[in-house]
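One structure is given below, encoded as structure tokens.
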Amino acid sequence: MTTALDQDAVVRYEPRGAARQLFKSRDSELVIAGPAGTGKSLGALFRMHLTALHNPNIRCLIVRKTAVSLTSTTLVTFDKKVAADALARGIVRWFGGSAREAAGYRYSNGSVIVVGGMDKPEKIMSAEYDLVFADEATELTIDDWEAIATRLRNGMLSWQQQIAACNPGGPKHWLKQRCDQGEARMLVSRHRDNPAYVNSDGTFTAKGADYFKKLDKLTGVRRLRLRDGIWAAAEGQIYEGWDDALHLVDPFKIPDSWVRWWTVDFGYTNPFVLQCWAEDGDGRLYLYREIYRTKRLVEDHARDILRLVRRCTDCCKSKAGGHDCHTCEQCVLEWSEPRPRAVICDHDAEDRATLERHLKMSTQAAKKSVSDGIQAVQSRLKPAGDGRPRLFVVRGALVERDTALEEASLPLCATDEIGGYVWAVKPGNAGGLKEEPVKKDDHAMDALRYMCAERDLKGRPQVRFLG
Ligand SMILES: Nc1ncnc2c1ncn2[C@@H]1O[C@H](COP(=O)(O)OP(=O)(O)O)[C@@H](O)[C@H]1O
Ligand SMILES: [Mg+2]
């Protein structure tokens, strides 16, 4: 597709397969789904950009579950690969947002593309739109999706459309069900749709060959979803009770009275994981912050976490270039949240010593037994009498995405690991005596288990009710 527009902006993009169908469709709800790297995001972004260029005064929205993830992924593609030329020529300008208005792209013909996350819905959801694109839409809840639908009534385009792009999730995911029930139309995107990776004769480009090598390394349910494009659930999933709708909660102000705990699973080539937990008065646990990163030293992780929990309360006000309150001898730092009652660690003696030295805090060894630890997590995931489980993950807990892991389509945090954490079926054991987990993509799972083991397995007085 080559379109000459006002001021000679030329856009070159060749949509194939599902991306091509996307351009022709007028369905009010559209889901473009398929494995990683088939061109779903690029296709949907071009759809938005070209529609905004060709239709004056329309209002569009690009949305993701969290604003941070949108900026670090989808919008990078938009700036570099979709709107680069139009931005350079001033046909499109970036507007950073104000107290009242959401950030977005403003077109010289009066059209706008607003951007934002459903974690901060106030500004984006108070307006009306003609066209909405939700990237990685499996992260959204059905309530998010339905709320977006109510905003589609701007009426400047003759058709209104809500587009979702995603990799497949579980077979029962609400987005899949919506398509199965005919409420939304699914366009199935495949690697052959992406000319950057697959030539028109079906052979791989050099870039494609490199990319598929990474996908070929995936195992289990991630391989089925991200490489093969199947809406699959893991076989032998250990935390079958996990349910996004039940266990994922939106961020909230955690009372200072709630006890804090930190758990740590060391790693360098494999991710290092540090999880910050808050425990409410009824003993429910909330994972509210997570560091999950490869190739960073323990001492650097220690510095990172201290930066997150301390702030400068009496600044020396030095004007020196590179002045940093966190390393300055004169500045007075104070904790901005309660200190953890314990820092519960994996057993590596050297890493523990390094962490203690740099945190200036003591640590304790985790209770590492696997089988009862897993049972403790499982029982916390079950809804209690009041319908609520006893373990939650706060959305957006991840501090920073590890780009190397992201490029390899590997898990980036606990909630990425949990669905693919599975029992190893031992050879010669057809009945599948499941005794231990597959030791892969289990780093956050270990830290999470240490937390539950600390609270539930530590020889606390057992009360038995005899009935
Ligand atoms: N039609 C196309 N023409 C050129 N490059 C493409 C095309 N479709 C996808 N790509 C490139 O392939 C890579 C993966 O595309 P992306 O849209 O991010 O995939 P997905 O969202 O399906 O994971 C990106 O670098 C993108 O620019
Ligand atoms: Mg994408």
Rounded to whole Hz and in sequence order, give me ³J(HN,Hα) for segment 107-121 from the Karplus expression 6.51 cos²θ - 1.76 cosθ + 1.60, θ = phi - 60°, writing x for Gly and Pro. 9, 5, 8, x, 7, 9, 10, 7, 10, x, x, 6, 6, 10, x
Cα centroid separation, segment 209-243 to segment 345-410 (Å): 22 Å
Applying the Karplus parametrisation 6.51 cos²θ - 1.76 cosθ + 1.60 with θ = phi - 60° to the phi angles of segment 83-89, what ³J(HN,Hα) value in whole Hz is obtained for each residue in order, glycine and proline being reported as x? 10, 3, 5, 5, 5, 4, 8
With +1 at each Lys and Arg Cβ and -1 at each Asp and Glu Cβ, the charge dipole magnitude of the chain around its Cα centre, to the nearest 20 debye, comes out at 320 debye
As a test question: what accessible area, to the nearest 10 Å², does R190 have when a 1.4 Å probe is rolled over all protein chains in place? 70 Å²
Per-residue HN-Hα couplings for segment 250-261, Karplus 6.51 cos²θ - 1.76 cosθ + 1.60 at θ = phi - 60°, whole Hz, x for Gly and Pro? 6, x, 8, 6, 7, x, 5, 6, 6, 5, 10, 9
In whole angstrom, the spacing between the Cα centers of segment 265-300 and segment 36-70 equals 33 Å
Taking only Cα atoms of segment 101-190, the Rg to Rh ratio with Kirkwood Rh works out at 0.98
So what does L226 come to for accessible area, using a 1.4 Å probe and Å² rounded to 10? 20 Å²
Gain on full stretching of the segment that runs from T313 to E122 - 0.36 nm per residue minus C-alpha separation: 65.7 nm
Amide H proximity to I230 below 5 Å, modelled H, separation 5+ or other chain, gives R225
Taking all protein chains as present, what is the carbon and sulfur share of the accessible area of the chain, in % to the nearest whole number, probe 1.4 Å? 49 percent
So what is the calculated 222 nm ellipticity per residue for the chain, using -39500 (n - 2.57) for each DSSP H run with n of 4 or more, over all residues, to the nearest 500 deg cm²/dmol? -7500 deg cm²/dmol
Shape of segment 20-147 from its Cα gyration tensor (a ≥ b ≥ c, root eigenvalues): rounded if a/c is under 1.5, otherwise prolate when a/b > b/c, or oblate? rounded
So, by mean Cβ neighbours within 10 angstrom, what's the order for 363-369, 73-79 with the highest one leading? 73-79, 363-369
Cα-Cα over 24 Å, subset of K24/K207; K65/K172; K213/K295: K24/K207
How much accessible area per residue does the chain have, in Å², with a 1.4 Å probe? 48 Å²
Honestly the chain on the Cα gyration tensor test (a ≥ b ≥ c root eigenvalues; a/c under 1.5 rounded, otherwise a/b vs b/c for prolate or oblate) is just prolate
In percent, how large is the relative contact order of the chain, given Cα pairs closer than 8 Å and 6 or more residues apart? 15 percent
Sorted on mean Cβ neighbours within 10 Å (highest first), peptides 389-399, 345-355 come out as 389-399, 345-355
For the chain, build the charge dipole from Cβ charges (+1 Lys, Arg; -1 Asp, Glu) around the Cα centre, then report which of F212, N154, L391 sits farthest towards its positive end. N154
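The values are calculated or read from the model by the stated rules, or taken from the named source; none is laboratory data. What you see is a predicted model, and the numbers here were worked out from it, not measured in a lab. Positions of Cβ are backbone-derived with ideal geometry, glycine not excepted, and every protein chain shown enters the neighbour counts. The protein model used for the area step is the full one, side chains on, heavy atoms only, and it has no ligands, DNA or RNA in it. Shrake-Rupley method; radii C 1.70, N 1.55, O 1.52, S 1.80 Å.
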